[in-house]
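This report concerns only the one structure given below.
The values are calculated or read from the model by the stated rules, or taken from the named source; none is laboratory data. Predicted model only: the values in this text are computed from it and were never measured. Positions of Cβ are backbone-derived with ideal geometry, glycine not excepted, and every protein chain shown enters the neighbour counts.
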Amino acid sequence: MLEINTKNLKDLSFIDLFAGIGGFHYALSSFGANCVYASEIDSKASETYLKNHSLKPFGDITKIKEEDIPKHDILCGGFPCQAFSISGKQKGFEDTRGTLFFDIARIVNYHKPKVIFLENVKNFLKHNAGKTLQTVIKTLEDLNYKVYYKILNTSDFGLPQNRQRIYIVAFNNNHYNNISFNFPNIKLISSLEDILENNPPDGRIIKRDDIHYYKDFTPSKNIFGEIELPNKPIQIGKVNKGGQGERIYHTKGHAITLSAYGGGIGSKTGLYKTGSVVRKLSPRECARIQGFPENFILPKSITEAQKQFGNSVSINTLQFIVNEISKTILNNDKQTGIRLSNSKEWIQKRKRHSSEV
């Protein structure tokens, strides 16, 4: 998690839907926004959320009436991708019935928040030949929002994890006219070895006779003799036949995508050669490559921790997007009189922070 020095959103409130363990909460609150409501159906994730944010999420969003949700300025959430049974029939709001996005739509329809900020898996872009995304966009446009979306990779935002996700940002046309919004375009360099624990739990070490290394990796250097890190996963070996969860990666590169599920001996975190051993990532390391702060209270169960971080959002990536959202809001609010922090200066501070991790 990046340390943010601005409170550009200090006068705004937000709700955290499909809240998980609070990635959106950290990102928005780091800019001064105030969380007034959270919803999460997973009881164990809710316990983790409560311990870290002192806010107990409500349960199943499908059973919560929109009028019972507090008024808010920003609606955010990483909603699950459910099949849209009739998507593509150009019925907008009606096309979303039977899906969890419908619950977002009905809340938006009732409360009319100023901004909507959503996250989903990369394949959401192509789901049902792209018709699902178009249904979401049309629904929000019909509700009077201007919609932007883009696939971004966590690897570019100072977190050593290959994690591509689609991000959707929408602005209420009644609040913001003629807006100009751009997703962040940046590439911060990092490596997995930067976030590894010095003495990880022994239970993470893989001891088998079928570990095989088939290549080594030596990072190149630039003309100044400085190491140029690849900023992506580097596979150097395998366990067994090298199937899912059986590939071994170099710590000069990045981690593979954390997963809540998945098979193989390296399930959920992947396998990495650290020193002379092959091991999985610890819960604290999983927290770090998702951008969670060092004081984040982890679940006691390793399996549960892996699941929760695999389901979470990458906080640093969200923060860079929130920075662009705040620029858009401030640039279009003639009445605030708040001076926007210089964007280039903000990015330089983030780069320095990344190099110090």
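Tabulated values for the structure
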read-out: Where a residue in segment 54-73 is in contact (Cβ under 8 Å) with a residue 60 or more places away in the chain and its partner, wherever it lies, is among the β-branched types (Val, Ile, Thr), with Cβ under 7 Å and at least six apart; value: Asp73/Val115
read-out: Qualifying residue in segment 232-249 (condition: in contact with a strand residue (DSSP E or B) (Cβ under 7 Å, 6 or more places away or on another chain) and of a type in the set (S, T, N, Q)); value: yes
read-out: In segment 250-267, the residues that are at pLDDT 95 or above and either under 17 Å from the mean Cα position of the chain (by Cα) or over 19 Å from Phe217 (Cβ atoms) (or both); value: His254, Ala255, Ile256, Thr257, Leu258
read-out: Residue selected from segment 271-294 under the condition farther than 11 Å from Gln306 by Cα, in contact with a Gly (Cβ under 8 Å, 6 or more places away or on another chain) and of a type outside the set (A, V, I, L, M, F, W, C), by the criterion surrounded by the fewest Cβ atoms within 10 Å (Cβ to Cβ); value: Lys273
read-out: Residues satisfying the stated conditions in segment 208-241, i.e. without any contact (Cβ under 8 Å) to a residue 12 or more places away in the chain and part of a loop (DSSP other than H, G, I, E, B); value: Asp209, Thr218, Asn222, Ile223, Phe224, Gly225, Glu226, Lys241
read-out: Test for Leu9: is it surrounded by 21 or more Cβ atoms within 10 Å (Cβ to Cβ), modelled with pLDDT of 90 or more and either in contact with a Cys (Cβ under 6 Å, 6 or more places away or on another chain) or closer than 24 Å to Lys138 by Cα (or both); value: no
read-out: Some residue of segment 32-52 being assigned to a helix (DSSP H, G or I) and within 20 Å of Ile107 (Cα to Cα); value: no
read-out: Answer residue from segment 322-333, given it is β-branched (Val, Ile, Thr) and out of contact with any helix residue (DSSP H, G or I) (no Cβ under 8 Å at 6 or more places or on another chain) and is surrounded by the fewest Cβ atoms within 10 Å (Cβ to Cβ) among those; value: Thr328
